[in-house]
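Here the structure comes first, spelled out in structure tokens, and everything after it is commentary.
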Amino acid sequence: MKILVTGGAGFIGSNFILYWIKNHSEDQIVNLDKLTYAGNLENLKSIEVNPNYKFVKGDITDSELVNKVMEGVDTVVHFAAESHVDRSISHPSDFVITNVVGTQVLLNAAIKNNVKRFHHISTDEVFGTLSLDDSNKFSERTNYNPRSPYSASKAASDHLVRAYFTTYGLPITITNASNNFGPYQFPEKFIPLAITNIIEGKKVPVYGDGLYVRDWLYTEDHVKAIEAVLRNGKVGETYCVGGVTEAISNVDVIKKILKIMGKNESSIEFVKDRPGHDRRYALDWSKIKNELSWEPQHSFDEWLEETVAWYKSNESWWKPLKSQVETDLNKLWGGDEE
Ligand SMILES: NC(=O)c1ccc[n+]([C@@H]2O[C@H](COP(=O)([O-])OP(=O)(O)OC[C@H]3O[C@@H](n4cnc5c(N)ncnc54)[C@H](O)[C@@H]3O)[C@@H](O)[C@H]2O)c1
């Protein structure tokens, strides 16, 4: 099978490629990535000379290039996106261009090239926000209610993907995943920013009152969910993919990290809140569990320890990215999750 991965030099895309090459050595992978600030070929150093792997630097909005790289492709796994909520507040048009227009360019090329499966990676942020005292969770049946330029652009891309299934019969699947964490996550995001700040002896910024609640999914669990959907998912369907966290607030996540790293809570610094900050996300992933037998493999605490250990032993990966993050984040609002 020949797979086109878009955004494969980013956090989740590179974890996907490393996993796929290791576990599906018969498949060929083409990685199309523009190498924005979030794309990093260092993530893929260990497989760059693998004969089944090819990197193409390019933009998913470039229809001529996209049509060319899609020749002979069986499956598209579409990760490429602008992904940071804070950046979407300061630069919304970048998000519309890549996330909406880019997705549409890929969909057109997928039809033209008779792609057998177009798998679109999306987020639970399209569903909006839940209140802290609400026991409901988001599921595949929840109405869309995006509230940031990032989630609005992802919602638009999801709608386009479904429209191409209904209108043109393109065989699509979608996964809406919760907040990811794990190796190779750019250190502007909430968990790696906290870990790397603690290693550097700096304060850890926490937005507002710190009581925002996210559902945390380890990247490898996410990658295995995508594998399950590619293998046995039903064409035209959407699957929600979440972790095993139960109502852990952002400040509690930081406290856990500090504890793992043997530090006290004096490094927590509450900073000005993000505008329109979604209070709580929670995801019901019973559909993918019941239909495809997927579930997260370890607890949040175990994966968090693994993640701390990874950042501790990979300083050479994140150190060069950190000074850029600090300049950028000073211009934005501070660092938070996805
Ligand atoms: N990180 C999360 O917590 C999370 C959760 C759910 C869903 N998602 C979705 O998963 C996907 C991947 O997220 P991530 O965290 O790995 O993002 P990321 O920002 O780490 O990586 C995005 C990658 O896309 C590439 N890219 C950006 N614009 C491009 C363009 N125009 N053409 C080609 N390549 C381009 C970047 O260079 C980068 O390598 C996104 O679609 C995101 O919406 C992320």
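The values are calculated or read from the model by the stated rules, or taken from the named source; none is laboratory data. Note that the coordinates shown come from a computational prediction; the quantities given were computed from them, not determined experimentally. Neighbour counts are summed over all protein chains in view; Cβ atoms, including those assigned to glycine, are modelled from backbone coordinates with ideal geometry.
So which residues in segment 194-219 are away from the ligand (no atom under 13 Å from the Cβ), out of contact with any Asp or Glu (no Cβ under 8 Å at 6 or more places or on another chain) and part of a helix (DSSP H, G or I)?
Within segment 194-219, Ala194, Ile195, Thr196, Asn197, Ile198 qualify.
Per-residue answers, yes or no, for (1) surrounded by fewer than 21 Cβ atoms within 10 Å (Cβ to Cβ); (2) under 22 Å from Ser316 (Cβ atoms); (3) modelled with pLDDT of 95 or more; (4) of a type in the set (Gly, Ala, Ser):
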site: Thr167; (1), (2), (3), (4): yes, no, yes, no
site: Pro171; (1), (2), (3), (4): yes, no, yes, no
site: Ile174; (1), (2), (3), (4): no, no, yes, no
site: Pro187; (1), (2), (3), (4): no, yes, no, no
site: Ile191; (1), (2), (3), (4): no, yes, yes, no
site: Ala194; (1), (2), (3), (4): no, yes, yes, yes
site: Ile198; (1), (2), (3), (4): no, yes, yes, no
site: Gly201; (1), (2), (3), (4): yes, yes, yes, yes
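Each row is one residue, and each column tells you yes or no for (1) hydrophobic (A, V, I, L, M, F, W, C); (2) assigned by TED's automatic domain parsing to the domain that holds Ile198; (3) not in a loop (DSSP other than H, G, I, E, B).
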site	(1), (2), (3)
Ser266	no, yes, yes
Glu291	no, no, yes
Trp294	yes, no, no
Val308	yes, yes, yes
Lys312	no, yes, yes
Trp317	yes, yes, yes
Leu321	yes, yes, yes
Glu326	no, yes, yes
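Which ones in segment 268-286 are assigned to a loop (DSSP other than H, G, I, E, B), more than 20 Å from the chain's Cα centre (by Cα) and surrounded by 13 or more Cβ atoms within 10 Å (Cβ to Cβ)?
Across segment 268-286, the qualifying residue is only Asp273.
Of all residues in segment 64-95, how many are in contact with a helix residue (DSSP H, G or I) (Cβ under 9 Å, 6 or more places away or on another chain) and surrounded by 17 or more Cβ atoms within 10 Å (Cβ to Cβ)?
Going through segment 64-95 one residue at a time, the tally reaches 20.
Select from segment 131-152 the residues that are within 10 Å of Arg280 (Cα to Cα) and over 20 Å from the mean Cα position of the chain (by Cα) and list them in ascending order.
Selection gives Ser131, Leu132, Asp133, Asp134.
For His222, which of the numbered conditions (1) more than 23 Å from Thr75 (Cβ to Cβ); (2) out of contact with any Asp or Glu (no Cβ under 6 Å at 6 or more places or on another chain) fails to hold?
For His222, the failing item is (1).
May I ask you to say which residue of Phe55, Phe16, Phe118 is of a type in the set (Phe, Trp, Tyr) and surrounded by fewer than 20 Cβ atoms within 10 Å (Cβ to Cβ)?
Phe55
Only residues in segment 73-87 that are of a type in the set (Ser, Thr, Tyr) count as the first member; pair them with residues that are more than 7 Å from the ligand (Cβ to nearest atom) and part of a helix (DSSP H, G or I), Cβ under 8 angstrom, at least 6 apart or cross-chain, and list the lot.
Filtered contacts from segment 73-87: Thr75/Leu230; Ser83/Tyr150.
What tally of residues in segment 209-262 results from selecting those that are of a type in the set (Lys, Arg) and modelled with pLDDT under 95?
Result for segment 209-262: 1.
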